[in-house]
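Participant: Structure provided below as structure tokens; questions to follow.
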Amino acid sequence: MNRHFGVTSDVLLGILARVLQLILPTVFLTGGYLMADTSLTDRARSFVAAHEAKFLPLDRRAGLAWWNANVSGKDEDFAEKEAAQNAIDTALADPKAFAELKILKEAAAKGQIDDQVVRRCIDVLYLLYLEKQVNPDLLKKIVSKSNAVEKTFNTFRADLNGKQMTDSEVRKVLKQSLDSIERQQVWSASKVVGKKVLRDLTELVHLRNEAARQLGFKNYHAMQLFLNEQDGDELIRLFDELDELTRQPFRAAKAEIDAALAKQYGIPISDLMPWHYHDPFFQESPALFADLDAPYKNADILQLCRSFYSGIGLPIDDVLSRSDLYEKPGKSPHAFCTDIDRSGDVRVLANIVPNEYWMSTMLHELGHAVYSSKNIPARLPYVLRSESHILTTEGVAMLFEKFSKSRAWIQKMGLRLDNPREFETAARKINQNQLLIFSRWCQVMLRFEKSMYENPEQDLNKLWWDLVERYQEIRRPTGRNEPDFASKIHIVSAPVYYHNYMMGQLFASQVFDKIVKELYPNQNPNDVSFVGDSRVGAFMKQKVFAPGKLYDWRQLTRFATGADLNAKAFASEFQTR
Ligand SMILES: [Zn+2]
């Protein structure tokens with residue numbers, strides 16, 4: 001049942017992959033003949049077909065409900081969204097279906113299913129059903145606890161001497177105020193939510209661990225990683241590598257930021273505290289150095305997206321025609337892309353205004369849109385007709401989003417830049433700072449969550465600040481002993497997820513690096529914009545989109561880039577600071 005090949009070294013895996021390529025066809029042929037049980041293969045095939053027949057309408061209903069709820073914000077649409085999700089959960093929890101799946105999964109592991117595609121379907125479905133095989137009462141308790149915590153988050157307002165502040169008001173003060181005392185008060189007030197949710201969150205962590213143990217895992221963190229075909233030790237090795245490669249460039253970037261902030265506030269650098277960093281968690285770069293909005297002030301963001309994506313051979317006009325792209329009352333203020341039916345009904349929700357943020361966000365969402373059933377071959381079975389992994393689709397989206405800060409891209413798209421060289425220097429610095437700051441923040445999130453689920457009884461307040469000091473190099477306020485970790489909503493509502501953003505970034509850098517080497521061998525990567533080059537779309541279709549979920553994320557990374565996922569290409573983006 002163990003699907004994890006431990007990562008040894010690039011070289012060893014490279015050899016292993018080549019050896020497998022050489023011997024696999026023979027194994028399939030002889031193995032198929034000698035060992036595979038036709039009845040088991042047929043049984044697996046019918047299970048997959050039955051799953052598809054049952055889930056296609058359920059998934060479509062949930063997809064549409066999700067879309068409608070986010071577009072309208074109406075209570076009845078949210079109720080339908082919840083009902084549709086419950087119908088899916090109930091179907092996945094079916095113990096009879098799971099019992100059959102378990103037999104098929106074991107048969108697949110023993111090589112008794114001789115069709116690679118069917119075997120992969122069984123592996124994918126096994127993980128999907130496994131998650132829901134928890135005692136239903138426990139599952140209900142977990143859902144209601146996490147709803148309670150989310151509700152506390154939604155209704156929480158920072159209280160500043162009796163004055164209630166919304167989240168965006170808090171952020172505004174942290175972006176603009178030059179008064180250190182005001183900053184400290186607002187920052188501290190925003191952290192009080194941690195204290196309010198602490199009891200529920202502590203219970204939730206124990207319940208989640210209990211569920212994981214019911215399914216035979218050490219703890220909830222290990223289970224979530226397993227369900228996503230990842231492994232804790234392997235992740236830590238990757239993040240250690242990333243830590244090494246980013247530490248010096250991060251220090252250099254932070255020194256420059258610290259100097260600029262200290263100057264703004266009129267204080268010595270040594271007096272900078274967590275509340276001086278614009279973002280309450282220092283997960284984003286402070287707004288310094290340049291305004292990137294200028295080229296987009298009069299730009300037609302949609303037209304730019306249309307012409308860019310069609311120029312690289314991945315047109316998205318049909319997606320835009322089904323999308324909901326501008327602000328309106330009740331609508332979600334965020335942005336997302338959704339594949340409703342895995343048959344090409346792909347849509348984007350957005351709230352476009354002409355600035356750099358929305359240029360970048362639209363390039364990002366449409367990156368998800370091109371990596372969908374629009375370009376994943378329809379011949380793949382329904383179960384495999386989606387992205388390989390959350391990290392690979394985030395990676396593709398990140399690969400395209402970065403062009404909004406590219407001088408070469410802006411010019412090739414026909415936008416005006418008053419001072420291209422100045423823009424390029426500033427934009428590259430902002431981009432590098434963002435990647436570095438976000439990467440150090442992801443270190444804190446991954447390591448905190450892993451350690452919290454492994455040992456929830458430890459001093460979590462201390463663990464949090466130890467990690468913040470070590471990876472973000474921000475000093476803990478003297479004598480502070482508060483549950484500040486609990487003020488980060490992802491710890492509650494998107495557990496064991498954050499590392500995928502970081503790994504997506506590594507994937508993006510690695511794929512970009514591969515494209516540059518293959519298609520633009522003699523060009524400076526900063527001048528590569530993809531504009532008007534249909535070879536890019538062909539590469540993406542063939543090397544990234546075509547396998548759908550037939551390859552897991554490790555296999556896909558090797559297939560697309562010739563190497564295991566690693567931090568080298570990402571780090572090379574900082575070697576020219
Ligand atoms: Zn995304």
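The values are calculated or read from the model by the stated rules, or taken from the named source; none is laboratory data. These figures come from a predicted structure and were not determined experimentally. Don't worry about glycine lacking a Cβ; one is built from the backbone with ideal geometry, like all the others, and counts go over all protein chains shown. Protein only, heavy atoms only, side chains kept; ligands, DNA and RNA dropped before computing areas. Shrake-Rupley method; radii C 1.70, N 1.55, O 1.52, S 1.80 Å.
Participant: Counting only heavy atoms of the protein chains, get the accessible area per residue of the chain (1.4 Å probe) and round it to a whole Å² value.
Facilitator: That works out to 45 Å² per residue.
Participant: Could you work out how much longer the chain between Ala260 and Lys102 gets when fully extended? Use 0.36 nm per residue separation minus the Cα distance between them, nm to one decimal.
Facilitator: Length gained, Ala260 through Lys102: 51.0 nm.
Participant: Given 0.36 nm per residue, what is the gain on full extension from Ala83 to Arg480 after removing their alpha carbon distance, in nm?
Facilitator: My answer for the length gained is 138.6 nm.
Participant: Between Leu302 and Ser493, how many nm apart are label points set 7 Å from Cα along the C-beta direction?
Facilitator: 2.9
Participant: When you have a sec, figure out the Kirkwood radius of segment 489-577 from all distinct Cα pair distances and drop it here in Å to one decimal?
Facilitator: Result for segment 489-577 stands at 14.5 Å.
Participant: Now a separate question. So if each residue of separation counts as 0.36 nm, and I subtract the Cα-Cα distance between Leu178 and Asn135, what length gain in nm does that give?
Facilitator: 10.2 nm
Participant: Another question, then. Could you tell me the center-to-center distance, by alpha carbons, between segment 109-171 and segment 501-577 in angstrom?
Facilitator: 30
Participant: Moving on to the next point. Out of every Cα pair in segment 407-454, what percent are spaced more than 12 Å from each other?
Facilitator: Of all Cα-Cα distances in segment 407-454, 70 percent exceed 12 Å.
Participant: While we're looking at this one, here's another question. Label Phe289 and Tyr326 with points 7 Å out from Cα along Cα→Cβ: what is the distance between them in nm?
Facilitator: With each label placed 7 Å out from Cα toward Cβ, I get 3.4 nm.
Participant: While we're looking at this one, here's another question. Considering only protein heavy atoms and a 1.4 Å probe, what is the carbon-and-sulfur percentage of the accessible area of the chain?
Facilitator: 52
Participant: Further question on the same structure: From the Cα gyration tensor of segment 367-427, with a ≥ b ≥ c the square roots of its eigenvalues, which class applies: rounded if a/c is under 1.5, or else prolate if a/b is larger than b/c, or else oblate?
Facilitator: Taking the square roots of the gyration eigenvalues as a ≥ b ≥ c, segment 367-427 is prolate.
Participant: Efficiency by 1/(1 + (r/R0)^6): what FRET value for Glu244 and Ala563, r their Cβ-Cβ distance, R0 = 22 Å, to the nearest 0.05?
Facilitator: Between Glu244 and Ala563 the formula returns 0.80.
Participant: Next question, about the same structure. Hey, could you grab the Kirkwood Rh for segment 275-395? Inverse mean 1/r over distinct alpha carbon pairs, Å, one decimal.
Facilitator: 16.1
Participant: Next up: When ranked by the protection proxy of mean other Cβ atoms within 10 Å per residue, highest first, what sequence do the peptides 286-292, 109-115 form?
Facilitator: 109-115, 286-292
Participant: Can you tell me which of 371-377, 566-572, 390-396, 258-264 comes out highest on packing, and rank the rest after it, using the mean Cβ neighbours within 10 Å?
Facilitator: 390-396, 371-377, 566-572, 258-264
Participant: Sticking with this one: If R₀ is 56 angstrom, what is the calculated FRET efficiency for the pair Lys110 and Leu417, using the beta carbon separation as r and rounding to 0.05?
Facilitator: 0.35
Participant: Counting residues in segment 189-305 as N, plug N into 2.2 N^0.38 Å and put the Cα Rg over that result.
Facilitator: 1.59
Participant: Which FRET efficiency value, to the nearest 0.05, is calculated for Glu76 and Ser270 with the Förster distance at 51 angstrom and r the Cβ-Cβ distance?
Facilitator: Once the sixth-power term is evaluated, E becomes 0.35.
Participant: Report the rotationally averaged projected area of the chain based on its alpha-carbon convex hull, in square nanometres.
Facilitator: So the Cα hull casts an average projection of 26.7 nm².
Participant: Looking at the square roots a ≥ b ≥ c of the eigenvalues of the Cα gyration tensor of segment 348-471, which shape do they give, rounded for a/c under 1.5, prolate if a/b is larger than b/c, or oblate?
Facilitator: oblate
Participant: Label Glu518 and Asp42 with points 7 Å out from Cα along Cα→Cβ: what is the distance between them in nm?
Facilitator: The modelled label-to-label distance comes out at 4.1 nm.
Participant: I need the per residue convex hull volume for segment 53-203, using only the alpha carbons, in cubic angstrom as a whole number.
Facilitator: It is 196 Å³ per residue.
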